[in-house]
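Presented below is the structure to which this report refers.
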Amino acid sequence: MPFWEDKALHELNQEEWESLCDGCARCCMIKIEDANSGEVHYTSLTCQLLDLDTCRCTRYPERHELIADCVELTPDTAARFDWLPVTCAYRRLARGQQLLWWHPLVSGDPQTVHEAGISVLGKTLPVDSVHEDEHDLHIIRWIETTSSTEF
Ligand code: SF4
Ligand code: SF4
């Protein structure tokens, strides 16, 4: 049985935990929270530290010191953060769901997350290329975060 099905999230070692990230970079997309409803909207803008060609963080070891909004995922937050995309491996495992075919751990190929259209590859702009007053013009709907769209 693969480790992600055999162990709970809090039982994983660091290497196993890191390997769960599918490399989609959806969590690196800029989000706007509605002040009234609390609803979180994703935009097609991504953190300025994301490499848009690889969908990888260019400053991963020091990301939390450099970007205040860079979220720290833990077994606890993966279960609590409703705004995480339904595709996120941490969210899925925290809710008892399976990894899907395109996850690199399942497919054995780091490219399948891109080929399946799950990653942000080719879909976003760097946030610092757009004026802050215009961020809301870039709100998108193709990231699913609600339980009604779980699969
Ligand atoms: S959304 Fe989840 S799986 Fe995708 S890059 Fe972020 S942490 Fe990794
Ligand atoms: S600092 Fe790195 S991991 Fe964090 S949001 Fe930015 S690109 Fe993503």
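The values are calculated or read from the model by the stated rules, or taken from the named source; none is laboratory data. Please read all numbers here as calculations on a predicted model, not as lab measurements. Don't worry about glycine lacking a Cβ; one is built from the backbone with ideal geometry, like all the others, and counts go over all protein chains shown. With ligands, DNA and RNA removed, areas are computed over all heavy atoms of the protein, side chains included. Shrake-Rupley method; radii C 1.70, N 1.55, O 1.52, S 1.80 Å.
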(message) For the list (1) under 22 Å from T145 (Cβ atoms); (2) at pLDDT 95 or above, I need the number of the one condition that T54 fails.
(response) (1)
(request) Please work out if A116 is touching a residue at least 60 places away in the same chain (Cβ under 8 Å) and aliphatic (A, V, I, L, M). (result) no
(message) Go through segment 19-55 and report how many residues are near ligand 2 (Cβ under 9 Å from one of its atoms) and polar (S, T, N, Q).
(response) 2
(request) Mind listing just one residue for me: the one in segment 45-86 that is in contact with an Asp or Glu (Cβ under 7 Å, 6 or more places away or on another chain) and not hydroxyl-bearing (S, T, Y) and, of those, farthest from E132 (Cα to Cα)? (result) V86
(request) Select from segment 80-97 the residues that are without any contact (Cβ under 8 Å) to a residue 24 or more places away in the chain and more than 12 Å from ligand 1 (Cβ to nearest atom) and list them in ascending order. (result) R80, G96
(request) Go through segment 65-108 and give me each residue that's at negative phi and open to solvent by 60 Å² or more (accessible area, probe 1.4 Å). (result) E65, L66, A68, D69, E72, D76, R80, D82, R95, Q98, W101, V106
(message) Could you check segment 17-46 and list, in sequence order, the residues that are surrounded by 22 or more Cβ atoms within 10 Å (Cβ to Cβ) and at positive phi?
(response) A25
(request) For segment 102-115, enumerate the residues that are among the aliphatic types (A, V, I, L, M) and within 17 Å of C27 (Cβ to Cβ). (result) V113
(request) Give the residues of segment 74-101 that are farther than 18 Å from C28 by Cα, part of a loop (DSSP other than H, G, I, E, B) and either touching a His at 6+ places or on another chain (Cβ under 9 Å) or among the aliphatic types (A, V, I, L, M) (or both), sorted by residue number. (result) L99, L100
(message) Every residue in segment 56-71 that is within 9 Å of ligand 2 (Cβ to nearest atom) and not in a strand (DSSP E or B), please.
(response) T58, R59, Y60, E62, R63, H64, L66, I67, D69, C70, V71
